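Chemist: First the structure, which I've put down as structure tokens, then a few questions once you've had a look.
Where a number appears in this text, it was derived from the coordinates with a stated rule and is not lab data. Fair warning: this is a prediction, and the values are worked out from it, not measured in the lab. We place every Cβ from the backbone using ideal geometry, glycine too, and count neighbours over all the protein chains shown.
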Amino acid sequence: MRIVLSNHSLFRLGGSETWVRTMFDELSKEHEVHFYSPIHHLWKDMPPFDPSLRYDRAFVNHSNCMEYLRDKDIERIVHTSHGVIPAVEWPIPGADVYVSVSEEVREHNLAKWGQDSVVIRNPIDTVKFTPAHPTSETLKKVLFLSNYGWGVMETMEGVGFDYLHIGGEDRIEDTWTWINWADLVVGLGRSAYEAMSCGRNVVVFDYMGADGFVTPESILEYRKRNCSGRTNRIMYTAQQLHDELGRYDQSLGPRLREYILENNNVVGIAERYLSL
């Protein structure tokens, strides 16, 4: 099967950009996969889209990519919305199937644009993001994994636990190494899912606020808004965050990884996309 993936940009390793990387690595194992972006020249390691070829599938992120691809020789186009903002995430005509990464996105697109969609969650490479060693019996190392951190760093400094911040200007590609360094990860979205895949405890908290401590039960609610912090929108004080970190439970790690294996494993996610 010949497939094209598309994305507006691949400037940073987060959000839909990492979605493309993860899906490309998985789909390339058995299929011919190309990539389209208005700025593809910045990422030459992916074979570029060839408009002279016929494609079996296009998995499209962002409306400007849809505008370009929808009149090309493609048997079936699937458009994925990763959020409710910015406008490039909104669905436009041209796709055969529409996908949302969360219930929040699905409801927004249906209410505002009348476009229904199927929910398929963010893919995680569970081989790369796997527990390298067990966590500590009691909480010792906390990782704040964030490209933003607005207003959160001061709170982190007052919690009474040693912590490390990765992201922003300190952004690195091998995040799994640092996730495995930690016992508990503070972050949102993909950071939370990748930490769960590594069997780490997680608190969803960043510049948008906090959802809170993640359990196999609470994740079912937090995932409706993609672990964004917008479910509960709590702006923790240092004491509140300290109390939340105090819920650390070493035995949660394997259960959180099992959740990711069942719901976010890229192997299963790729199969769902191919079956649409």
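Chemist: Between helix 103-113 and the chain, what is the angle of the helix's C-alpha long axis to the longest principal axis, kept within 0 to 90° and rounded to the nearest 10?
Modeler: 40
Chemist: Let me ask another. How would you rank Thr237, Thr138, Thr215, going from fewest to most other Cβ atoms within 10 Å of each one's own Cβ?
Modeler: With the fewest neighbours first, Thr237, Thr138, Thr215 line up as Thr138, Thr237, Thr215.
Chemist: Related question: Select one label from [x] 34, 19, 17; [y] 30, 22, 17; [z] 31, 28, 17: the one whose number is semi-axes √(5λ) of the Cα gyration tensor in Å as derived from the coordinates shown.
Modeler: [x]
Chemist: Here's a follow-up. Would you be so kind as to identify which of Phe213, Leu145, Thr175 lies farthest towards the positive end of the dipole of region 124-276, taking Lys and Arg as +1 and Asp and Glu as -1 on Cβ and the Cα centre as origin?
Modeler: About the Cα centre, the residue reaching furthest to the positive side is Phe213.
Chemist: Amide H to amide H, which residues 5 or more places from Val119 or on other chains are under 5 Å from it, using H placed in the peptide plane?
Modeler: For Val119, the qualifying residues are Ser100.
Chemist: While we're here: For Tyr36, list long-range residues whose amide hydrogen, built 1.01 Å from N in the peptide plane, is under 5 Å from its own amide hydrogen.
Modeler: Sorted by chain and number, the residues that satisfy this are Leu5, Ser6, Asn7, Phe49.
Chemist: So between Met1 and His242, what do we pick up on full extension, going 0.36 nm a residue minus the alpha carbon distance?
Modeler: Values: separation 241, 0.36 × 241 = 86.76 nm, distance 5.07 nm.
Difference between extended and current length: 81.7 nm.
Chemist: Mind putting a number on the dipole of the chain about its Cα centre? Charges go on the C-beta only, +1 for Lys and Arg and -1 for Asp and Glu, and I need it in Debye to the nearest 20.
Modeler: It comes to approximately 280 debye.
Chemist: Using the Cα centre as the reference, give the magnitude of the dipole from point charges on the C-beta atoms of region 129-193 (Lys, Arg: +1; Asp, Glu: -1; all else neutral), rounded to the nearest 20 debye.
Modeler: 180
Chemist: On to the next question. List the residues, sorted by chain then number, that are 5 or more residues from His165 or on another chain and whose placed amide H is less than 5 Å from its amide H.
Modeler: For His165, the qualifying residues are Phe144.
Chemist: May I ask you to list the GluC sites (Glu not before Pro) in region 150-254 that are in a DSSP loop and have at most 10 other Cβ atoms within 10 Å of their Cβ?
Modeler: Values: sites: Glu154, Glu157, Glu169, Glu173, Glu194, Glu217, Glu221, Glu244; in loops: Glu173, Glu217.
For GluC sites (Glu not before Pro) across region 150-254 that sit outside H, G, I, E and B with at most 10 neighbouring Cβ atoms in 10 Å, the list reads Glu173, Glu217.
Chemist: Less than 24 Å apart at the alpha-carbon level, and either on another chain or at least 8 residues along: which lysines does that give for Lys140?
Modeler: Straight-line reach from Lys140, under 24 Å: Lys128.
Chemist: Turning to a different aspect of this structure: Under 8 Å for C-alpha pairs, at least 6 residues apart: give me the relative contact order for the chain, rounded to a whole percent.
Modeler: Answer for the chain is 16 percent.
Chemist: Could you name the aspartates and glutamates in cross-link range of Lys141, using Cα to Cα under 19 Å and dropping any fewer than eight places away on the same chain?
Modeler: List returned: Glu154, Glu157, Asp162, Asp170, Asp174, Asp183, Glu194, Asp206, Asp243, Glu244, Asp249.
Chemist: Estimate the FRET efficiency between Asp73 and Met235 by the formula 1/(1 + (r/R0)^6), using the beta-carbon distance for r and 51 Å for R0, to the nearest 0.05.
Modeler: Working: r = 50 Å, r/R0 = 0.98.
So the FRET efficiency works out to roughly 0.50.
Chemist: Still on this model: What is region 142-263's relative contact order, in percent, from Cα pairs under 8 angstrom and six or more apart in sequence?
Modeler: Relative contact order comes out at 26 percent.
Chemist: Using unit Cβ charges (K, R positive; D, E negative) and no other charged atoms, how large, in debye to the nearest 20, is the dipole of region 14-101 about its Cα centre? Kindly include the intermediate steps, with their values, before the conclusion.
Modeler: On the way: 8 positive and 14 negative charges, 21 e Å.
The dipole magnitude comes to about 100 debye.
Chemist: Let me ask something additional. Just going by the charge dipole of region 103-171, with Lys and Arg at +1 and Asp and Glu at -1 on Cβ, which of Ala132, Tyr163, Leu110 is farthest out on the positive end?
Modeler: The residue sitting farthest along the positive end of the dipole is Ala132.
Chemist: Quick one: Cα convex hull volume of region 2-120, Å³ per residue? Mind dumping the intermediate values first?
Modeler: On the way: hull volume 11.5 nm³, N = 119.
Normalising the Cα hull of region 2-120 by residue number yields 97 Å³.
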